[in-house]
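Contents: one structure, followed by commentary.
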Amino acid sequence: MTLQRDPERTETKYLLKFADFTGRRVLEIGCGDGRLTWQYAKSTRFVAGIDLEAGELRVATIDRPSDSPVAFARADSIHLPFSKETFDLAILAWSF
Amino acid sequence: MVHALSEVRRVLAPDGILIDLRPLTGSWPVEVASRREAKEAGRVNDMPIGLEDDQAANQSMAQAAEQKWFLREREEFFPFFYYWDSPSEMQQYIEEEWEDWATVNDDVWKNIRAMWAVADADARLRVGIRMMITRWKKQN
């Protein structure tokens, strides 16, 4: 199947317009397979991507470049496994 | 969902930013699109669960704003397109992946196939999802 999602990259353009990722500590809730994560991760200090779907997280982990400041974990947004004030920026990515 | 927002607030630093990025239901248009033109072939039908999810998310964000957890700074809407190379691929995807969110009526499928039969050689099928992006600032 030859599905293409947002080849115009409109979503990324809006995300970068709404948030400055440079040097930020980022939490992405609902990261899925990392489709969106890779669009902004490079300029961040680090990214924690969480999702409930283990299969999607496996894909995200496989795709992760070795020098990437990104970690993925299976976690629920109502019990975030992080200390308080850990992040500068949080993204609810298609996850409501 | 309000619990999730409370958790997000907890893990955000002072003056931290929350970006709420999500699709909205709303009878997304189905189009036959080529470089030359895009023609609407019909609309998808919203399913009740999608409408309920939108409402619940909006209520949660409104509640978080009322409690002064977050202040809305900016909001915009934009299209997010899904593209397929044929009606059969599109139909398979929608029926398998979007079964809880959207359906397409038989008469719309007929129209899609009729328009596809006479479309430009470079035409593809697309659905334009309406997206919302909102920037919220943590209130300290």
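The values are calculated or read from the model by the stated rules, or taken from the named source; none is laboratory data. Only a predicted model underlies this, so the values are computations on that prediction, with no experimental measurement involved. Methodologically, a virtual Cβ is constructed for each residue, glycine included, from the backbone with ideal geometry; neighbour enumeration extends over all protein chains shown.
Would you mind stating whether B:Val30 is touching a Gly at 6+ places or on another chain (Cβ under 9 Å), crowded, with 19+ Cβ neighbours inside 10 Å and assigned to a helix (DSSP H, G or I)? Taking the combined requirement at face value, the residue does not satisfy it.
Of the listed requirements (1) within 14 Å of chain A (Cβ to nearest Cβ); (2) under 30 Å from B:Ala13 (Cβ atoms); (3) exposed (fewer than 14 other Cβ atoms within 10 Å of the Cβ), B:Asp122 misses just one: (2). Scanning the stretch A:4-20 finds no residues that are farther than 28 Å from B:Trp98 by Cβ and of a type in the set (Val, Ile, Thr).
Look at the stretch B:35-51: where a residue is free of Cβ contacts under 8 Å to residues at least 60 places away in the same chain and a partner is surrounded by 15 or more Cβ atoms within 10 Å (Cβ to Cβ) and among the charged types (D, E, K, R), sitting 6+ places away or on another chain with Cβ atoms under 6 Å, you get B:Glu40/B:Glu31. Go through the stretch B:41-71 and give me each residue that's more than 24 Å from B:Glu99 (Cα to Cα), of a type outside the set (A, V, I, L, M), surrounded by fewer than 17 Cβ atoms within 10 Å (Cβ to Cβ) and away from every other protein chain (no Cβ under 11 Å). Once the filter is applied, which keeps residues that are more than 24 Å from B:Glu99 (Cα to Cα), of a type outside the set (A, V, I, L, M), surrounded by fewer than 17 Cβ atoms within 10 Å (Cβ to Cβ) and away from every other protein chain (no Cβ under 11 Å), the stretch B:41-71 yields B:Gln63, B:Glu66, B:Gln67, B:Lys68.
Conditions tested, residue by residue: (1) part of a loop (DSSP other than H, G, I, E, B); (2) in contact with a strand residue (DSSP E or B) (Cβ under 6 Å, 6 or more places away or on another chain); (3) at pLDDT below 95; (4) hydroxyl-bearing (Ser, Thr, Tyr).
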| residue | (1), (2), (3), (4) |
| --- | --- |
| B:Glu73 | no, yes, no, no |
| B:Glu95 | no, no, yes, no |
| B:Lys110 | no, no, no, no |
| B:Val127 | no, yes, no, no |
| B:Lys137 | no, yes, no, no |
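Within the stretch B:75-89, the set of residues being assigned to a strand (DSSP E or B) and either surrounded by fewer than 16 Cβ atoms within 10 Å (Cβ to Cβ) or in contact with a Phe, Trp or Tyr (Cβ under 7 Å, 6 or more places away or on another chain) (or both) comprises B:Glu75, B:Glu76, B:Phe77, B:Phe78, B:Trp84.
Condition (residue is closer than 21 Å to A:Leu36 by Cα and more than 8 Å from chain A (Cβ to nearest Cβ)) applied to the stretch B:91-100: is it met by at least one residue? Yes, the stretch B:91-100 has at least one match. Restricting attention to the stretch B:1-22, the residues that are crowded, with 18+ Cβ neighbours inside 10 Å and either part of a helix (DSSP H, G or I) or of a type outside the set (D, E, K, R) (or both) total 13. Just one of B:Ala13, B:Ala38, B:Ala33 is within 14 Å of chain A (Cβ to nearest Cβ) and more than 19 Å from B:Phe80 (Cβ to Cβ); which is it? Among B:Ala13, B:Ala38, B:Ala33, only B:Ala13 is within 14 Å of chain A (Cβ to nearest Cβ) and more than 19 Å from B:Phe80 (Cβ to Cβ). Mind listing just one residue for me: the one in the stretch A:6-27 that is in contact (Cβ under 8 Å) with a residue 60 or more places away in the chain and more than 9 Å from chain B (Cβ to nearest Cβ) and, of those, nearest to A:Val47 (Cα to Cα)? Of everything passing the filter in the stretch A:6-27, A:Val26 is nearest to A:Val47 (Cα to Cα).
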